[in-house]
Amino acid sequence: MMTVSPVAGALGADVRGLDLSRPLNSEQVAAIRRALLNHCVLFFREQPVLSVEQHSRLTRYFGELEVTPFQREGHDPTLLMIEQYDARLSRNSQGANFHSDNTFRPYPPMGALLQAHVLPERGGDTCFASMYAAFDGLSARMRAYLDGMEAWHSLEQMKSRLASTTGTKLSIDLDLWPPIKHPVVAIHPETGRKLLNVNYNWTTHLDGVPRAESDTILHYLFEHIRRPEFQARIRWNVGDIAFWDNRSAQHCAVADYEGRRVMQRLAIAGSPAFAVMPTEMLETAIAAQ
Ligand code: SIN
């Protein structure tokens with residue numbers, strides 16, 4: 001029997017009693033979906049190490065697979081194998097700061113499933129933060145200031161950070177992903193809850209305010225998102241799988257280890273049905289009822 005045990009105040013639950021290497025029935029899929037919406041990130045403990053085929057079958061229960069923009073030549077385009085040997089090399093990677101995945105896309109992924117395959121002796125945890133809690137934790141005046149505002153998201157920021165800190169070149173054609181605007185305060189399409197929708201990796205600036213004002217506010221928000229009371233943290237065992245809702249949770253790979261760490265990841269493609277919406281859309285819908 002599937003059991004769901006919350007692990008922290010704001011988000012996160014351990015899930016036991018399922019073998020994710022085997023096909024799931026519709027009740028099990030519905031129960032996982034419900035738990036994900038309630039807890040923002042699920043930690044499936046003690047799973048067999050999944051083949052890419054098993055991992056794809058599992059992910060496809062929840063939607064289409066995302067074709068990752070960060071492809072490695074000769075690899076399945078939906079698969080992201082994250083392999084690091086030394087955390088010092090990953091401190092400036094896209095994973096090492098709190099972020100939502102790929103919000104430079106018009107429809108960012110709905111979620112992702114990440115499994116630990118090889119772990120260092122110690123360290124290499126992943127932290128998650130609830131964007132519902134981050135929104136609720138803002139002052140009423142700040143919530144009112146941000147509501148209705150949009151922010152620009154772009155790959156450009158990652159490109160310049162990588163170049164200036166590590167000399168690494170981003171292997172993606174930026175022209176494929178022109179900057180795009182998303183609402184700063186958004187409504188989750190499935191829970192109807194308000195969430196904070198900016199992230200350090202991809203949000204470049206707030207729309208319609210002077211750049212200095214935008215920089216100051218975003219700096220404040222990125223620090224706010226990192227508050228420990230909004231977080232849950234997984235200390236990995238080989239085989240553990242984290243399944244996060246990319247709308248309501250941000251994540252960050254802790255770059256504190258030495259040794260090899262290999263994680264296998266597949267994501268669920270974004271779509272209009274999965275996308276967060278600006279709050280005025282909900283208000284219009286409520287007014288029309
Ligand atoms: C990611 O950002 O998807 C990677 C998280 C991790 O490696 O812990």
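The values are calculated or read from the model by the stated rules, or taken from the named source; none is laboratory data. All values reported here derive from a predicted model rather than from experimental measurement. Positions of Cβ are backbone-derived with ideal geometry, glycine not excepted, and every protein chain shown enters the neighbour counts. Quick note on the areas: whole protein, heavy atoms, side chains included, nothing else; ligands and nucleic acids left out. Shrake-Rupley method; radii C 1.70, N 1.55, O 1.52, S 1.80 Å.
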* Complete set of residues in the stretch 94-109 that are within 14 Å of the ligand (Cβ to nearest atom) and either in a loop (DSSP other than H, G, I, E, B) or at pLDDT 95 or above (or both) -> N97, F98, H99, S100, D101, N102, T103, P108, P109
* Asked: among the hydroxyl-bearing types (S, T, Y) and either in contact with a helix residue (DSSP H, G or I) (Cβ under 8 Å, 6 or more places away or on another chain) or open to solvent by 40 Å² or more (accessible area, probe 1.4 Å) (or both): does that describe S56?
  -> no
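Just checking, how many residues over the stretch 16-31 are in contact (Cβ under 8 Å) with a residue 12 or more places away in the chain, of a type outside the set (S, T, Y) and within 17 Å of Q54 (Cβ to Cβ)? If you could, list the steps in order and put the result at the bottom.
The first filter runs over the stretch 16-31 and keeps only residues in contact (Cβ under 8 Å) with a residue 12 or more places away in the chain, leaving 16-21, 23-24, 28-29, 31.
Now drop any that are not of a type outside the set (S, T, Y), which leaves 16-20, 23-24, 28-29, 31.
Now narrow it down to the ones that are within 17 Å of Q54 (Cβ to Cβ): 18-20, 23-24, 28-29.
Residues meeting the conditions: 7.
Which residue, of E53, E83, E73, is outside any loop (DSSP other than H, G, I, E, B), without any contact (Cβ under 8 Å) to a residue 40 or more places away in the chain and of a type outside the set (S, T, N, Q)? Before the answer, list the steps.
Details: E83 fails: without any contact (Cβ under 8 Å) to a residue 40 or more places away in the chain; E73 fails: outside any loop (DSSP other than H, G, I, E, B).
Only one candidate passes the filter, namely E53.
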* Only one of these is away from the ligand (no atom under 11 Å from the Cβ) and free of Cβ contacts under 8 Å to residues at least 60 places away in the same chain: E150, E121, E156. Name it. => E156
* To do: Output the number of the condition that E156 fails; it satisfies all remaining conditions of (1) touching a Pro at 6+ places or on another chain (Cβ under 9 Å); (2) of a type outside the set (F, W, Y); (3) open to solvent by 50 Å² or more (accessible area, probe 1.4 Å); (4) at pLDDT 95 or above.
  => (4)
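Touching a strand residue (DSSP E or B) at 6+ places or on another chain (Cβ under 8 Å), in contact (Cβ under 8 Å) with a residue 60 or more places away in the chain, among the polar types (S, T, N, Q) and away from the ligand (no atom under 16 Å from the Cβ), is that true of N237? Don't jump to the end; show me each part of the working.
Working: touching a strand residue (DSSP E or B) at 6+ places or on another chain (Cβ under 8 Å): yes; in contact (Cβ under 8 Å) with a residue 60 or more places away in the chain: yes; among the polar types (S, T, N, Q): yes; away from the ligand (no atom under 16 Å from the Cβ): no.
The answer is no for N237.
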* Find the residue count for the stretch 256-284, including only residues that are open to solvent by 50 Å² or more (accessible area, probe 1.4 Å) and either within 16 Å of the ligand (Cβ to nearest atom) or free of Cβ contacts under 8 Å to residues at least 24 places away in the same chain (or both). => 5
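For the stretch 83-93, check the following and say yes or no: at least one residue is open to solvent by less than 20 Å² (accessible area, probe 1.4 Å) and either near the ligand (Cβ under 10 Å from one of its atoms) or closer than 19 Å to H182 by Cβ (or both). Step through it out loud before you land on a result.
Looking only at the stretch 83-93, we keep the residues that are open to solvent by less than 20 Å² (accessible area, probe 1.4 Å), and these are 87, 90.
From what is left, the residues that are either near the ligand (Cβ under 10 Å from one of its atoms) or closer than 19 Å to H182 by Cβ (or both) are 90.
Taking every residue of the stretch 83-93 in turn, at least one turns out to be open to solvent by less than 20 Å² (accessible area, probe 1.4 Å) and either near the ligand (Cβ under 10 Å from one of its atoms) or closer than 19 Å to H182 by Cβ (or both).
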* Could you give me the residue pairs with C-beta distances under 9 Å whose first residue belongs to the stretch 168-179 and is farther than 12 Å from P69 by Cα and in a loop (DSSP other than H, G, I, E, B), whose second residue is open to solvent by 70 Å² or more (accessible area, probe 1.4 Å) and at pLDDT 75 or above wherever it lies, and which are 6+ apart or on separate chains? => K169/K159; P179/E156
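Residue-by-condition table, conditions (1) within 14 Å of the ligand (Cβ to nearest atom); (2) surrounded by 22 or more Cβ atoms within 10 Å (Cβ to Cβ); (3) modelled with pLDDT of 95 or more:
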residue	(1), (2), (3)
N199	yes, yes, yes
T204	no, no, yes
G208	no, no, yes
L218	no, no, yes
I225	no, yes, yes
A242	yes, yes, yes
N246	yes, yes, yes
Q250	yes, yes, yes
* Just checking, how many residues over the stretch 124-147 are within 16 Å of the ligand (Cβ to nearest atom) and either farther than 23 Å from L11 by Cβ or touching a helix residue (DSSP H, G or I) at 6+ places or on another chain (Cβ under 6 Å) (or both)? -> 1
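This table checks each residue for (1) open to solvent by less than 60 Å² (accessible area, probe 1.4 Å); (2) of a type outside the set (F, W, Y).
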position: L18; (1), (2): yes, yes
position: L24; (1), (2): yes, yes
position: V29; (1), (2): yes, yes
position: L37; (1), (2): yes, yes
position: V52; (1), (2): yes, yes
position: P69; (1), (2): yes, yes
position: R72; (1), (2): no, yes
position: F98; (1), (2): yes, no
* **Checking K194 against (1) basic (K, R); (2) in contact with a strand residue (DSSP E or B) (Cβ under 7 Å, 6 or more places away or on another chain); (3) free of Cβ contacts under 8 Å to residues at least 60 places away in the same chain, the condition it does not meet** => (3)
* **the stretch 115-126, residues that are open to solvent by less than 10 Å² (accessible area, probe 1.4 Å) and not in a loop (DSSP other than H, G, I, E, B)** => Q115, A116, T126
